[in-house]
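To start, the structure itself, in structure tokens.
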Amino acid sequence: MNRQSVPCAIAIVLLAVNQLLPPSAVAATLAGHPVQGGATLDFQFPINKFFQNYAAQGGNPRPTTGRALLMFPKNFDPARSWPILIVTSTTDLDRTSIMDAPWYRESAMAEGWVVLATDATIRPREDSLAWRLSMLTAGLEVVRDNWPQSAQWPGRVCRIFRRRKTKRNPWSNAR
């Protein structure tokens, strides 16, 4: 083998190895960020006009940028289906969904769930259902648009809604 054919041989071997690897062994990305088992992915994303308008109902500011936090189990394989634990918190106690998501990490990872929390990068004037749903749906849209495999994931979604008990809201389904 001469000196000129060595780089060509290396390229052919690398290409062959890449073809032999299962699709799940190839690194997955989400919105341009690498996704790894056991890792946490925290990124910002643009919010489309529809969700901006929906969030702005009731006099809220119009959010243009959202933030998503995803936590993946150690054995995460992007080619497999994964249930998603969605954390949704209110700002009653100056908390955000992103701040509360790590509280669920250990339990979710033990059960093999992906954890997702979304928020806007600005605060609402009134923390409303329209605000929360628009941030969540915009975040899910980013995941679906940027990660085609997620379209194959099952409909198994568990939503954790944390809200302090008040006269306006005398119940809470997660503590």
At 7 Å along Cα-to-Cβ for each site, give me the label-to-label distance between residue 74 and residue 36 in nm. 1.5
I need the calculated FRET efficiency for the pair residue 29 and residue 64, taking r as the beta carbon distance and R₀ as 22 Å, to the nearest 0.05. 0.40
In whole Hz, what ³J(HN,Hα) sequence does the stretch 39-53 give by Karplus (6.51, -1.76, 1.60; θ = phi - 60°), x for Gly and Pro? 9, 10, 10, 10, 8, 9, 8, x, 9, 6, 4, 4, 6, 4, 5
Peptides 105-112, 64-71: what's the order by average Cβ count within 10 Å, highest mean first? 64-71, 105-112
Quick one: which residues, 5+ away or cross-chain, put their amide H under 5 Å from the amide H of residue 86? H built at 1.01 Å from N. 116, 158, 159, 160
Give me the distance in nm between label points sitting 7 Å out from Cα along the Cα-to-Cβ direction at residue 92 and residue 147, one decimal. 3.0
For residue 35, which sequence-distant residues (separation of 5 or more, or a different chain) have an amide H within less than 5 Å of its own amide H, given hydrogens modelled in the peptide plane? 28, 29, 30
Expected unfolding gain across residue 105-residue 50 under the 0.36 nm per residue rule, minus the alpha-carbon gap, is 16.7 nm
The stretch 128-143 and the stretch 51-114 have their Cα centres apart by a whole-number Å value of 10
Ordered by residue, what ³J(HN,Hα) values in Hz, to whole numbers, does the stretch 63-72 give under the Karplus form 6.51 cos²θ - 1.76 cosθ + 1.60, where θ = phi - 60° and Gly and Pro are x? x, 9, 10, x, 10, 10, 10, 10, 10, 10
Applying the Karplus parametrisation 6.51 cos²θ - 1.76 cosθ + 1.60 with θ = phi - 60° to the phi angles of the stretch 146-151, what ³J(HN,Hα) value in whole Hz is obtained for each residue in order, glycine and proline being reported as x? 9, 9, x, 4, 5, 5
Taking one equal scatterer on every alpha-carbon of the stretch 27-162, how large is log10 of I(q)/I(0) by Debye at q = 0.14, 0.19 1/Å? -0.59, -1.07
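Computed from the coordinates by the stated procedures, all read-outs in this text should not be read as laboratory data. Because the structure is predicted, anything quoted here is derived from the model rather than measured. Ideal geometry is used to build each Cβ from the backbone, glycine not excepted, and the neighbour counts take in all protein chains shown.
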